[in-house]
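Values quoted throughout were computed directly from the atomic coordinates according to the rules given, and no laboratory measurement underlies them. Since we're looking at a predicted model, the values are computed, not measured. Here the Cβ is made from the backbone with ideal geometry for all residues, glycine too, and neighbour counts use every protein chain on show.
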Amino acid sequence: MPREIQDILSIKTSERHRWLKDGRLPSAGTRTVKLRCRARKITFHVFDPRVVEDLLDRGAVEEWREEDAAATAENRRRAAYKAKLTLSLKRRKIVNADAVAAPDEAARTELAAGRSSDATDCFTKHADCRARRSRQSPAAPYGRP
C-alpha cells in the first residue's frame, strides 16, 4: 500500500508520486483490489522488499531530496532571471515608445502654434481640467467622494 512505503522510507506523498513518475522509485507492478463497503476498485503500486531495503541501506532517499532541492533552487533562479529579463524588455519598449512619440509631440506643438487664440484658450482651459483631475485620488474620480 502507498501509505506503507511512505512510512518505511519516511517520505511524503508528493515525493512518492514524483519519484515514481521519473523512475527513481522502481515499482514491481500494480495491484487492484475492491475494498469492503466501496463501490469501486482501487489500484496502487507494489514494491519489491529487496529494492526497498537497498534504498534504505544506500541512503538514496536523502540523495534524492538533495537533488530535488538543487533542481528547485535552479528552477527558481532561472525563473527570477527570466522575470528580470522580461521586465527590462518591457521597460525598454516604454522608453522606445517615448522616443518614437517625441517627434509627434514636436509636430503637435507646431500645429498648435498656428491655431487661433480661441483654440489656444480652449487648450489651456482643458489642460487645467486635466491637471485637477490628475491630482484627485483614484478612489474618488471626477470629484465624487
Take the Cβ-Cβ distance between Val46 and Ala70 as r, set R0 to 35 Å, and report the resulting FRET efficiency rounded to the nearest 0.05.
0.70
With Phe47 itself left out, Lys, Arg at +1 and Asp, Glu at -1 over residues whose Cβ is under 12 Å from its Cβ give -1
Averaged across orientations, what area in nm² does the convex hull of the alpha carbons in region 1-97 project?
10.1
Estimated FRET transfer efficiency (Lys84, Ala28; beta-carbon r; R0 41 Å; 0.05):
0.35
Quick one: which residues, 5+ away or cross-chain, put their amide H under 5 Å from the amide H of Val46? H built at 1.01 Å from N.
Ala28, Gly29, Thr30, Arg31
Which FRET efficiency value, to the nearest 0.05, is calculated for Ala39 and Ser10 with the Förster distance at 41 angstrom and r the Cβ-Cβ distance?
0.75
